[in-house]
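What follows is a short report on a single structure.
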Amino acid sequence: MLLGKVIGRLVATQKLSAFTGVKFLVVQPIDEDRKTINEIIVACDTVQAGEGDTVFYETGREATFPLPDRMNPSDATITAIVDHINKDG
Amino acid sequence: MILGRIIGNIVSTVKHSAYQGLKILMVQPIDPMNQDTGTVIAAVDKVQAGPGDHVLVMTEGNSARQLLQSQDTPVNMVIVGLVDNIEYDN
């Protein structure tokens with residue numbers, strides 16, 4: 001799972017039927033110090049994350065599991081809202 | 001599997017149900033010389049790793065599902081071993 005910060009929303013009414021009912025959020029990947037890394041991505045949301053939330057998201061095939069229609073082509077799905085990042089070690 | 005060093009943990013209350021009861025640690029991928037390689041990842045801990053520990057992280061979804069005994073757990077990174085020492089010939 002990878003850390004990210006939600007920086008916006010994306011609306012797409014014309015989309016694959018497998019994405020019906022799925023909310024898209026614009027996510028900036030971050031590191032453990034919340035510094036920006038890599039490019040901005042669009043991820044499916046399953047935990048009602050909002051703008052400014054720190055989240056972590058799944059990539060790869062596992063990104064398709066939390067969505068209603070199993071045969072969806074998602075490659076990034078937000079699966080948790082992060083309350084704290086405790087740096088130690 | 002990759003080598004990593006535990007650099008902290010993540011607390012999350014609002015999350016996918018599959019994560020209930022799982023401890024999630026932050027792992028800095030490293031090479032055998034303990035040099036940082038790549039960005040920090042969040043992984044499910046199955047070996048009670050602590051801060052600063054060197055660990056083995058399994059990064060493949062199918063094995064993660066078998067380890068967590070669940071067919072639809074959205075997890076593909078699991079800490080599967082605590083490294084005592086590494087001997088290798090470069």
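When you check B:PRO74 against the structure, is it touching a His at 6+ places or on another chain (Cβ under 8 Å), surrounded by 13 or more Cβ atoms within 10 Å (Cβ to Cβ), of a type outside the set (Val, Ile, Thr) and in contact (Cβ under 8 Å) with a residue 40 or more places away in the chain, yes or no?
Considered against the rule, which asks whether it is touching a His at 6+ places or on another chain (Cβ under 8 Å), surrounded by 13 or more Cβ atoms within 10 Å (Cβ to Cβ), of a type outside the set (Val, Ile, Thr) and in contact (Cβ under 8 Å) with a residue 40 or more places away in the chain, B:PRO74 comes out as yes.
Report whether or not B:VAL40 is modelled with pLDDT of 90 or more and in contact with a helix residue (DSSP H, G or I) (Cβ under 8 Å, 6 or more places away or on another chain).
The answer is no for B:VAL40.
Which members of segment B:61-71 meet the condition of being surrounded by 15 or more Cβ atoms within 10 Å (Cβ to Cβ) and at the interface with chain A (Cβ under 9 Å from one of its Cβ atoms)?
Across segment B:61-71, the qualifying residues are B:GLY61, B:ALA64, B:ARG65.
Scan segment A:69-78 and give yes if some residue there is in a loop (DSSP other than H, G, I, E, B), at the interface with another protein chain (Cβ under 8 Å from one of its Cβ atoms), free of Cβ contacts under 8 Å to residues at least 40 places away in the same chain and on the phi < 0 side of the Ramachandran plot, otherwise no.
No, the conditions are met nowhere in segment A:69-78.
If B:ASP89 satisfies every condition in (1) more than 22 Å from B:ASN9 (Cβ to Cβ); (2) within 11 Å of chain A (Cβ to nearest Cβ) but one, which is the exception?
(2)
Is it the case, given these coordinates, that A:PHE24 is surrounded by 13 or more Cβ atoms within 10 Å (Cβ to Cβ), touching a Lys or Arg at 6+ places or on another chain (Cβ under 8 Å) and among the aromatic types (Phe, Trp, Tyr)?
yes
In segment A:59-67, is there at least one residue being within 27 Å of B:VAL27 (Cα to Cα), over 12 Å from the mean Cα position of the chain (by Cα) and among the aromatic types (Phe, Trp, Tyr)?
yes
What is the one condition in (1) in a strand (DSSP E or B); (2) within 12 Å of chain A (Cβ to nearest Cβ); (3) free of Cβ contacts under 8 Å to residues at least 60 places away in the same chain that B:LEU56 does not satisfy?
(2)
One line per residue, one yes/no per condition, for (1) out of contact with any Pro (no Cβ under 6 Å at 6 or more places or on another chain); (2) among the β-branched types (Val, Ile, Thr); (3) farther than 25 Å from A:CYS44 by Cα:
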| site | (1), (2), (3) |
| --- | --- |
| B:GLY4 | no, no, yes |
| B:ALA43 | yes, no, no |
| B:PRO51 | yes, no, yes |
| B:THR73 | yes, yes, no |
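Does segment A:51-59 contain any residue that is at the interface with chain B (Cβ under 8 Å from one of its Cβ atoms), of a type in the set (Val, Ile, Thr) and not in a strand (DSSP E or B)?
Within segment A:51-59, none of the residues are at the interface with chain B (Cβ under 8 Å from one of its Cβ atoms), of a type in the set (Val, Ile, Thr) and not in a strand (DSSP E or B).
When you scan segment A:76-85, do you find a residue that is at pLDDT 95 or above, in contact with a helix residue (DSSP H, G or I) (Cβ under 7 Å, 6 or more places away or on another chain) and of a type in the set (Gly, Ala, Ser), even just one?
For segment A:76-85, residues at pLDDT 95 or above, in contact with a helix residue (DSSP H, G or I) (Cβ under 7 Å, 6 or more places away or on another chain) and of a type in the set (Gly, Ala, Ser): present.
Could you list, in sequence order, all residues of segment B:1-52 that are within 12 Å of another protein chain (Cβ to nearest Cβ), in contact with a His (Cβ under 9 Å, 6 or more places away or on another chain) and loosely packed, with under 14 Cβ neighbours inside 10 Å?
Of everything in segment B:1-52, just one residue is within 12 Å of another protein chain (Cβ to nearest Cβ), in contact with a His (Cβ under 9 Å, 6 or more places away or on another chain) and loosely packed, with under 14 Cβ neighbours inside 10 Å, namely B:VAL11.
The values are calculated or read from the model by the stated rules, or taken from the named source; none is laboratory data. Given the structure is predicted, the values throughout are model-derived calculations rather than measurements. Backbone-built Cβ (ideal geometry, glycine too); neighbour counts: all protein chains shown.
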